[in-house]
Amino acid sequence: MTIRTRGARGILTALATGAALVSAAVPATAADGPAFLEPAQLPPHPSSSWYAGPVTAGQPDPLPICVGAALPSVSVHRAYWTEFDTSALQVTVVERDERRAADFAALLRKDLAGCARHLESEYPDIAAAGRYYGKVDVEEGAHVYGIHTTATWGASDIALFSVGRDGRTVTVVKWSQMGTFRDAPVADFKTTTRAAVDRLA
């Protein structure tokens, strides 16, 4: 297996489970930061309940594709999973002021808009496609994106991302599983996104 192929497999692992601009953000701890989604607020799974890990200070490991490079060390995150192949992640960053938060959210949106093109240029073993699903009208706004990847060895994964902001706080939510755009619960994910941003206050 080539080094390039190993790298591509790692990227798809990050897509299914889950480099760097430093953001001038206020350090946050898991205890005093904004509230995170509860498992029941994620898109319903037809065969499993959702489960959640603790709210944890720092960057998630592995970093999620598309947005991972921009996440600062002061990020706070929470991982979610089902009994099957579906997982989710929420990452929140509290910036020093609203201007920095708006700039950070814009950077994340730019990364998501160009993610499919970036993946294909970096990993020839992967074909990727992206979709923009529009804005969710909540607080300062949230935007929803989809990324589908297929690999030469047969893997096919779909992920939904949202970037939302309330004042100086920015949150990213990612949902992913094996599948295609047809398997993406966009309407339910927009409901999840609204709940995530509402909980930032």
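The values are calculated or read from the model by the stated rules, or taken from the named source; none is laboratory data. Keep in mind the model is a prediction, meaning the values are calculated, not measured. Heads up, the Cβs are rebuilt from the backbone with ideal geometry, glycines too, and the neighbour counts pull from every protein chain shown. Surface accessibility is based on the protein's heavy atoms, side chains included, excluding ligands, DNA and RNA. Shrake-Rupley method; radii C 1.70, N 1.55, O 1.52, S 1.80 Å.
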- Query: Can you name the number of the only condition in (1) under 17 Å from the mean Cα position of the chain (by Cα); (2) part of a strand (DSSP E or B) that T150 fails?
  - Reply: (1)
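Results for (1) under 22 Å from V55 (Cβ atoms); (2) at pLDDT 95 or above, shown as yes or no for each residue.
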{"residue": "R131", "(1), (2)": "no, yes"}
{"residue": "H143", "(1), (2)": "no, yes"}
{"residue": "I147", "(1), (2)": "no, yes"}
{"residue": "I158", "(1), (2)": "no, yes"}
{"residue": "G164", "(1), (2)": "yes, yes"}
{"residue": "F181", "(1), (2)": "no, yes"}
{"residue": "A201", "(1), (2)": "yes, no"}
- For C66, work out the one condition from (1) modelled with pLDDT under 95; (2) assigned to a strand (DSSP E or B); (3) of a type outside the set (D, E) it doesn't fulfil. (2)
- When (1) in contact with a Phe, Trp or Tyr (Cβ under 8 Å, 6 or more places away or on another chain); (2) hydrophobic (A, V, I, L, M, F, W, C); (3) open to solvent by 70 Å² or more (accessible area, probe 1.4 Å) are applied to A201, the one that fails is (1)
- Restricting the search to the stretch 65-123, which residues are more than 20 Å from T180 (Cα to Cα), out of contact with any Gly (no Cβ under 9 Å at 6 or more places or on another chain) and hydroxyl-bearing (S, T, Y)? S121
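Listed here are the residues, each with its yes/no results for (1) in contact with a Pro (Cβ under 6 Å, 6 or more places away or on another chain); (2) farther than 18 Å from H143 by Cβ; (3) open to solvent by 10 Å² or more (accessible area, probe 1.4 Å); (4) outside any strand (DSSP E or B).
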residue	(1), (2), (3), (4)
P43	yes, no, no, yes
P46	no, yes, yes, yes
S49	no, yes, yes, yes
D61	no, yes, yes, yes
H77	yes, yes, yes, no
E83	no, yes, yes, yes
T92	yes, no, no, no
A101	no, no, no, yes
R109	no, no, yes, yes
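For every residue, the table says whether it meets (1) touching a Phe, Trp or Tyr at 6+ places or on another chain (Cβ under 6 Å); (2) under 27 Å from A102 (Cβ atoms).
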| residue | (1), (2) |
| --- | --- |
| A142 | no, yes |
| H148 | yes, no |
| T152 | no, no |
| A159 | no, yes |
| V170 | yes, yes |
| V173 | no, yes |
| G179 | no, no |
- Message: Residue under question is Y133, and the condition is that it be in a strand (DSSP E or B) and farther than 20 Å from H45 by Cβ; does it hold?
- Response: no
- Item | Subset of the stretch 169-193 (residues that are open to solvent by less than 30 Å² (accessible area, probe 1.4 Å), polar (S, T, N, Q) and more than 14 Å from I158 (Cα to Cα)) | T169, T171, T192, T193
